[in-house]
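Notes for the one structure printed next.
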There are 2 protein chains.
Amino acid sequence: MSAYDALMAHARETEALKQVLGRLGWDQETVMPSGAAPQRAEEMAALETVLHARKVDPRVSDWLAAAEPADAVAEAQLREIRREHLRATRVPADLAAAIARTTSLAQGIWAEARASDNFTAFAPTLSEVLSLRRREAEALADRGDLYDALLDDYEAGETAASLTAMFDAMRPRLVALREAVLEQGERVSRLDGHFDEAAQLRLATETARAFGYDFDHERIDKAVHPFSSGQGLDSRITTRTDPADPFNCLYSTIHEVGHGCYEQNVKRDFLLTPLGAGVSMGVHESQSRIYENQLGRSRAFTGWLHGRFREAFDGFGVEDPEHFYAIVNAVRPGYIRTEADEVQYNLHILMRFDLERALIGGDLEVADLEAAWNDRFADDFGLQVDRASNGVLQDVHWAVGLFGYFPTYTLGNVYAGCLFKALKQAVPEWEEALARGDATPATGWLREAVQQHGALMTPRAVIEGATGEPISVAPLLDYLEAKFGGLYGL
Amino acid sequence: MSAYDALMAHARETEALKQVLGRLGWDQETVMPSGAAPQRAEEMAALETVLHARKVDPRVSDWLAAAEPADAVAEAQLREIRREHLRATRVPADLAAAIARTTSLAQGIWAEARASDNFTAFAPTLSEVLSLRRREAEALADRGDLYDALLDDYEAGETAASLTAMFDAMRPRLVALREAVLEQGERVSRLDGHFDEAAQLRLATETARAFGYDFDHERIDKAVHPFSSGQGLDSRITTRTDPADPFNCLYSTIHEVGHGCYEQNVKRDFLLTPLGAGVSMGVHESQSRIYENQLGRSRAFTGWLHGRFREAFDGFGVEDPEHFYAIVNAVRPGYIRTEADEVQYNLHILMRFDLERALIGGDLEVADLEAAWNDRFADDFGLQVDRASNGVLQDVHWAVGLFGYFPTYTLGNVYAGCLFKALKQAVPEWEEALARGDATPATGWLREAVQQHGALMTPRAVIEGATGEPISVAPLLDYLEAKFGGLYGL
C-alpha cells in the first residue's frame with residue numbers, strides 16, 4: 001500500500017470516529033436520560049483520547065512525508081490532514097486536557113452567572129479559560145499572532161488584519177442604515193396570540209422540505225438550543241418552539257437547514273474523508289444565513305408563508321402579506337445578538353471581534369470586560385446595558401473558549417451577500433419559485449456552486465469560484481440598504 | 001501507577017467505548033435516518049477496530065501478568081479482563097472481520113428468505129456462517145469441545161453436558177404438562193377489538209414505572225423489534241405496538257424492563273468497569289422472564305392490569321378479571337417461539353439446542369436442517385410445519401452466528417423459577433403489592449439479591465447466592481404445574 005493510501009485509510013477511520021463523537025453530542029442534547037450525564041462525559045472523554053492519539057500518531061507524520069498526491073483532490077486531502085496533525089502535535093496533551101476540562105465546567109458556571117446577572121462570579125473562570133486558550137495560541141502560533149492562531153481553527157486563511165479591513169469597510173454604511181431605520185420609529189406591531197407548537201413543528205418540517213432538506217439523510221428534533229450535527233449521510237438539526245413566537249421555530253429551522261444541507265450535499269466521493277465536511281465556519285454560516293435571510297425573509301417567501309400561517313394558526317390576525325413581510329423584518333432596538341435583525345446583527349459581531357482581540361492581545365483585562373462591553377454597547381447601539389444577561393453574559397462562546405469564532409458570523413453574512421448577487425443572475429426563476437414555497441431552484445444552485453465541494457478548496461476560493469468575482473462587502477450592504485430602505489421608506 | 005491501576009484505567013476507557021458502540025446500535029434501530037446505513041456501518045467498523053486493538057493490546061497481557069489484586073472485587077475484574085483478552089487474542093483478526101462481514105450480510109439474506117419461505121435460498125449463507133463460527137470455535141476451544149467454546153461467550157461456566165443434563169430433567173414434565181393442558185381444548189377467547197396505540201404506550205410506560213424502571217437513567221422508544229441496550233446510567237429499551245394485540249407491547253415492555261433494570265441497578269462502584277454489566281445471558285434472561293412471567297402474568301398483577309385496561313381502552317369487552325387472567329395465560333398450539341406461552345416455550349428451546357449442537361458437531365448438514373427441524377417439530381409439538389417462516393427460518397439467531405445462545409433462554413427460565421421461590425419466602429408482601437400495581441417489593445428484592453452484583457460472581461454463584469439453594473429445575477416445573485394446573489382445571 002502506498003503512503004498516501006495508508007494515510008487515507010487511517011484518515012477515513014478517524015473521520016468515522018469523529019462522526020461518532022458528534023452523534024454522542026446530538027444524543028446528549030436531544031434524547032439522553034438526564035441522569036446519564038456523568039457516564040456520557042466518560043464516554044466522550046474516552047473517544048476524545050482515541051481521536052487525539054490518532055491525530056498525533058507518528059505514522060501520520062511519516063505518511064505525510066512520503067505521500068505523493070496524484071491529483072488536486074489528493075493534494076487537498078493531504079493539506080487537511082497535515083493541518084490537523086500540526087495543530088494536534090503542537091498543543092501539549094496536558095494543555096488540551098486542561099482546556100477540555102475547564103471549558104466543560106465553565107459552561108455551567110457561566111449559565112449560573114447569567115441567571116443571576118453576576119459577571120463578577122464568572123470573571124475568575126473566564127480568566128482561566130482565556131489564559132489556557134492564550135497558552136494554546138502560543139503553542140499553535142509558533143511566534144506568530146495569537147488571535148490569528150485561534151481564528152485559523154475556524155476560518156483557515158483569514159487573519160485579524162484581513163477581517164479588520166473588511167469590517168472597517170462595513171461599519172459606516174451599517175451604522176448609517178441602522179440610524180436611518182430606527183429614526184422611523186416602530187412601524188409594525190408584533191405578532192400576538194398563541195401558536196400551537198405541534199403546528200409550528202409541522203410547518204417547520206414542511207419548510208425544511210421546501211428548502212431541499214432530504215429526510216432520508218436528516219432528521220429534526222426538539223432541543224433547548226437549535227443546532228446542526230453530523231455529516232454526509234447522517235446530518236441532523238434541532239429546533240425549539242415558543243407558543244408566543246412562531247418565527248423562533250421557523251427561522252431557526254431554516255437557518256439549521258442551511259447548515260444541514262451543506263453537510264449532506266458534499267460530493268459523496270468525499271464521504272468520511274477530511275474533505276467531506278463544510279470547509280469553514282464562515283462558509284457554513286453563508287449557507288445558513290442565505291437560507292434564513294436572503295431567501296427565508298424575502299418578500300417572495302414570506303408571501304407563501306403568510307398563506308401557510310393563515311391555514312396553520314387559527315385566529316392568526318395579520319391579513320395583509322405586505323404587513324406580514326414587514327413584521328418578519330421589523331428592526332427594533334435590542335440587546336441580544338441572537339434576536340437581532342439583519343440590519344443590526346453585524347454590529348453585534350464587530351463589537352465582539354474588537355473586544356476579544358483586546359482580550360487575547362492582553363490589552364483588556366477580564367476584570368474590565370463588563371465595563372468595556374457596556375461602554376461600547378452604548379456607543380454602538382445607544383443603549384445602556386441594564387443587566388449582564390443582556391450584555392457581556394449573553395453568549396456562551398467565550399465561556400467555552402471560542403475566541404476567534406464570532407467574526408465568522410459576519411464573514412458568513414458577507415459571503416451570503418456575494419452568493420445572493422450571483423444566484424439572482426444565475427437562477428432568474430429563484431423568486432417566482434420561492435413565492436410558490438419552493439426554494440430548491442435557489443438552494444440547488446448553492447448545492448452545485450458551493451456545497452458539493454466540501455473542503456476541497458479554501459474558503460475564499462469556494463466563494464470566489466461560485467461568484468466569479470473577488471469577495472467584497474458591497475453586495476451585502478447593497479442588499480441591506482435596498483431591502484430595508486424599501487421597508488422603511490428611506 | 002501499579003500494573004492493576006494501569007490495567008483498570010485502560011479497561012475503563014474500553015468499557016466507555018463499548019457503551020458508545022451500543023449507543024450507535026440503539027440509534028440505528030430507533031432514530032437513524034434510513035439513508036445513513038452505509039455510513040453507520042463504517043462508523044461501527046471503525047469503533048470495532050479500535051476496540052479489538054485495545055483488547056489484544058500486548059500491554060494488557062503484561063499488566064495481567066504483573067497485577068496483584070487487593071480484594072475479591074479486583075480478582076473478579078482481572079478474571080473478566082483476562083477472559084476477554086484471551087478470547088480476542090485467540091481469534092485471528094481476519095477471521096473476526098470475516099465473521100462480522102458475513103453475518104451482517106446474512107441478516108438481510110435471511111430476512112428475504114424468510115419473506116419468501118425459501119430455506120434453500122438461505123442455506124448457502126447459513127453454511128458459510130456455520131463454517132466461520134466453527135473455525136472461531138476451533139480457535140477458542142484449544143482442542144476442547146467446539147459447542148462449549150461458543151456457549152462460553154454467553155454463559156461462562158456452562159457446557160453442553162451441564163445443559164443436556166438440565167434439559168433432560170425438564171423434558172418429561174414439560175411434555176406431560178403441555179399434553180394435559182392442550183387436551184382441555186380452547187378454554188378462552190382471544191382479545192377482540194382495536195386498542196389505541198398511544199394508550200398502549202402510556203400504559204407500557206406506567207407499567208415500566210410500576211416495575212421500578214428509573215426514567216432518569218432510561219428511556220423507552222418504538223422500534224421494529226423490542227430490545228434493551230446500554231449499561232449503568234444510560235440503559236434504554238424499545239417496544240412496539242399492534243393495534244389488535246395490546247399484550248405484545250405490554251409484555252415485551254415488561255420483559256425489556258427486566259433487562260434494563262438489571263443493567264441500571266448494578267452497583268455504581270462497578271460503573272464502566274468489566275463488572276458493571278449483567279453477568280451472563282442466562283442471568284439476564286432470568287430477570288426479564290421473572291418480570292414478564294412470574295410477576296407480570298400473575299393473577300395479582302393481571303387483576304390490576306384488568307382495571308387499567310378498562311380505563312385505557314374504551315369498549316374493552318372482558319368484564320371478569322379471572323377471565324382476563326386466563327386470556328393472558330392462554331395455551332394454544334403454535335409454531336413460533338417468541339409467541340409461545342410459558343408451558344411450551346422451553347420445548348422450543350430444547351429442540352433448537354439439540355439441532356445446533358448437531359450442526360456445530362458436524363452431525364447435521366445445513367442441507368438437511370429444514371427436514372430435521374420439521375421432523376422434530378412434528379414429534380415435539382404434533383404439528384406439521386406449513387412453511388419455512390413458521391419453522392427453521394423463524395429466528396434470526398443462526399443467521400447472525402448466534403450458536404450457543406438459545407439455551408440461555410431456558411437457563412434463564414430455570415433461574416427465574418429458583419429466584420421466584422426464594423422471593424416469595426423473602427418478600428411475603430410481593431403479591432398484595434402487585435395486586436395494587438406495585439412490583440417494586442419484588443423487583444427491589446431482585447435488585448439486592450441479583451442485579452447489584454453485576455459480573456462480580458459467576459452466573460451460578462449469583463443465583464445460588466440469592467436463593468441459598470443449589471440450582472434446580474424443580475421450582476420452575478412446580479410453578480408451571482401449579483399455575484397451569486389451576487388455570488386448566490387439571
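The values are calculated or read from the model by the stated rules, or taken from the named source; none is laboratory data. Fair warning: this is a prediction, and the values are worked out from it, not measured in the lab. Because the Cβ atoms are built from the backbone with ideal geometry, glycine has one as well, and the counts that use them run over all protein chains shown.
Selection within region A:181-223: residues that are hydrophobic (A, V, I, L, M, F, W, C) and touching a Lys or Arg at 6+ places or on another chain (Cβ under 7 Å). The member of this set that is surrounded by the fewest Cβ atoms within 10 Å (Cβ to Cβ) is A:Ala223. Filtered by the rule that a residue be of a type in the set (A, V, I, L, M), over 25 Å from B:Phe227 (Cα atoms), surrounded by fewer than 19 Cβ atoms within 10 Å (Cβ to Cβ) and in contact (Cβ under 8 Å) with a residue 60 or more places away in the chain, region B:1-49 gives a lone residue, B:Ala3. Checking each residue in region B:362-386 for being under 15 Å from B:Gly334 (Cβ atoms) and either part of a loop (DSSP other than H, G, I, E, B) or not assigned by TED's automatic domain parsing to the domain that holds B:Arg332 (or both) picks out B:Gly382, B:Leu383, B:Gln384, B:Val385, B:Asp386. Surrounded by 24 or more Cβ atoms within 10 Å (Cβ to Cβ) and farther than 19 Å from A:Gly282 by Cβ: which single residue out of A:Ala416, A:Ala439, A:Ala433, A:Ala426 fits that description? Answer to the check: A:Ala439.
Going by the structure shown, is B:Ile463 in contact (Cβ under 8 Å) with a residue 24 or more places away in the chain, assigned to a loop (DSSP other than H, G, I, E, B) and in contact with a Cys (Cβ under 7 Å, 6 or more places away or on another chain)? Write out each step before concluding.
Numbers: in contact (Cβ under 8 Å) with a residue 24 or more places away in the chain: yes; assigned to a loop (DSSP other than H, G, I, E, B): no; in contact with a Cys (Cβ under 7 Å, 6 or more places away or on another chain): yes.
So B:Ile463 does not fit the description; no.
Evaluating B:Lys421 against the criteria (1) in a helix (DSSP H, G or I); (2) modelled with pLDDT under 95 leaves one unmet condition, (2). Restricting A:Gly35, A:Gly22 to residues that are within 14 Å of chain B (Cβ to nearest Cβ), part of a helix (DSSP H, G or I) and under 24 Å from the mean Cα position of the chain (by Cα) narrows the list to A:Gly22. The residues on offer are B:Glu197, B:Glu218, B:Glu186, and the sole one that is of a type outside the set (Gly, Ala, Ser) and in contact with a Gly (Cβ under 9 Å, 6 or more places away or on another chain) is B:Glu218.
The rows are residues; the columns are (1) polar (S, T, N, Q); (2) crowded, with 19+ Cβ neighbours inside 10 Å; (3) in contact (Cβ under 8 Å) with a residue 40 or more places away in the chain.
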| residue | (1), (2), (3) |
| --- | --- |
| A:Glu319 | no, no, no |
| A:Tyr325 | no, yes, yes |
| A:Val328 | no, yes, yes |
| A:Val331 | no, yes, yes |
| A:Asp341 | no, no, no |
| A:Leu350 | no, yes, yes |
| A:Glu356 | no, yes, yes |
| A:Leu359 | no, yes, yes |
| A:Glu370 | no, no, yes |
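Filtered by the rule that a residue be more than 18 Å from B:Asp152 (Cα to Cα) and of a type in the set (Ser, Thr, Tyr), region B:276-313 gives B:Ser288, B:Tyr291, B:Ser298, B:Thr302.
Taken over region A:230-273, the criterion of being within 13 Å of chain B (Cβ to nearest Cβ), surrounded by 24 or more Cβ atoms within 10 Å (Cβ to Cβ) and in a strand (DSSP E or B) is satisfied by A:Arg236, A:Ile237. Of all the residues in region B:50-91, those that are among the aliphatic types (A, V, I, L, M), within 14 Å of chain A (Cβ to nearest Cβ) and surrounded by fewer than 20 Cβ atoms within 10 Å (Cβ to Cβ) number 2.
Which residue, of A:Ser472, A:Ser389, is among the small types (Gly, Ala, Ser) and over 21 Å from A:Gly334 (Cα atoms)?
On the way: A:Ser389 fails: over 21 Å from A:Gly334 (Cα atoms).
Result: A:Ser472 is the single residue among A:Ser472, A:Ser389 that is among the small types (Gly, Ala, Ser) and over 21 Å from A:Gly334 (Cα atoms).
Only one of the numbered conditions (1) among the charged types (D, E, K, R); (2) over 21 Å from A:Gly303 (Cβ atoms); (3) part of a helix (DSSP H, G or I) is violated by A:Arg202, and that is (2). Only residues that are more than 21 Å from the chain's Cα centre (by Cα) and among the acidic types (Asp, Glu) were counted across region A:135-186, and they come to 8. Output the residues belonging to region B:218-273 that are closer than 25 Å to A:Leu47 by Cβ, under 19 Å from the mean Cα position of the chain (by Cα) and among the hydrophobic types (A, V, I, L, M, F, W, C). Residues satisfying the conditions are B:Ala223, B:Phe227, B:Ile237, B:Val266. Entry remark, region A:1-19: residues being modelled with pLDDT of 95 or more and more than 9 Å from chain B (Cβ to nearest Cβ) number 11 in total.
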